[in-house]
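The structure appears below as structure tokens.
Just so it is clear, none of the values below were taken in a lab; they were calculated from the coordinates. Here the structure is a predicted model, which means the values were calculated and not measured. No Cβ is skipped: glycine too gets one built from the backbone with ideal geometry, and neighbour counts run over all protein chains shown.
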Amino acid sequence: MTTLVTGATGNTGRHVVRELVRRGEKVEALTRDAAAARALLGPEVDLVTGTHTAPSTLDDAWPGVDRLHVTVTAGLAEVGPELIDRAVAAGVRRITVVWGGGVGPVERAYNLTGPAALTTRERIAILAEAAGRPIEFARITHQQAVDRLLATGVSQADAEYVIGWYAESSPESYTVDPTVETLLGRPARTFTQWAAEHAHHFARPTA
């Protein structure tokens with residue numbers, strides 16, 4: 001079985017790649033920077049230069065690929081159908097997507113949550129406590145939020161979708177689900193635990 005992983009050097013993708021390699025499975029890592037990917041992922045991974053936002057760049061990668069794992073959803077609003085069509089036509093038998101938004105027609109979807117439903121203000125309070133400094137919560141308009149995403153290079157369609165999802169979240173986004181404990185055999189870690197382990201990312205920059 002060969003798995004093609006998009007966003008292979010990202011925060012999620014790199015862990016997916018490493019776990020597949022640990023299991024002895026063949027992995028193709030999709031990347032726009034082969035040198036950086038090689039340094040990060042090691043010699044066991046086959047590299048594919050391209051991007052899922054331009055599905056035609058994957059044509060040479062499909063032969064032999066059984067599974068596609070999408071860890072970066074930016075651009076899927078525009079190219080998702082084409083990407084899926086090309087994958088299926090090439091013989092890919094299983095496609096998985098890591099996504100924090102709504103779920104469309106799929107064979108199976110896992111709703112992964114922590115052990116408690118927290119509001120934005122509650123999460124910020126936890127981060128402030130872990131960082132040891134005040135962190136302010138300021139409301140912005142829908143358009144300001146969209147504009148901020150656009151400024152980072154996100155497409156208009158993706159920006160509108162993401163901000164719209166946060167504005168009108170589905171019940172799954174704020175309902176505690178036992179799936180993590182069921183799959184892993186242990187309770188899900190708390191947001192407080194995560195914040196304590198990553199507090200250095202939120203500390204006040206030193207001059």
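Stretching residue 38 away from residue 23 to a fully extended chain increases their span by 3.5 nm, per 0.36 nm per residue minus the current alpha-carbon distance. The label-point distance for residue 184 and residue 116, in a model that sets each label 7 Å from Cα toward Cβ, rounds to 1.7 nm. Projecting the Cα positions of 64, 50, 40 onto the charge dipole of the range 32-83 (unit charges on Cβ atoms of Lys, Arg, Asp and Glu, taken about the Cα centre) puts 40 furthest along the positive direction. Of the DSSP H helices in the chain, those with a Cα length along their own long axis of 15 Å or more and a mean Kyte-Doolittle hydropathy reaching -1.0 comprise 76-89, 120-131, 156-167.
As I understand it, the dipole of the range 1-119 uses +1 on the Cβ of Lys and Arg and -1 on the Cβ of Asp and Glu, about the Cα centre. Which of 113, 1, 27 lies farthest toward its positive end? Ranked along the dipole, the leading option is 113. Centroid-to-centroid, using Cα positions, the range 1-64 and the range 128-156 are 30 Å apart. With R₀ set to 35 Å, the beta-carbon distance separating residue 199 from residue 60 gives a calculated FRET efficiency near 0.20. Taking Cβ atoms as reference points and 15 Å as the exclusive limit, the residues near residue 77 contribute a net charge of -4, counting Lys and Arg as +1 and Asp and Glu as -1. For the chain, the normalised intensity computed at q = 0.12, 0.15, 0.18 Å⁻¹ comes to -0.80, -1.22, -1.46 (log10 of I(q)/I(0), Debye sum over alpha carbons, equal scatterers, no solvent).
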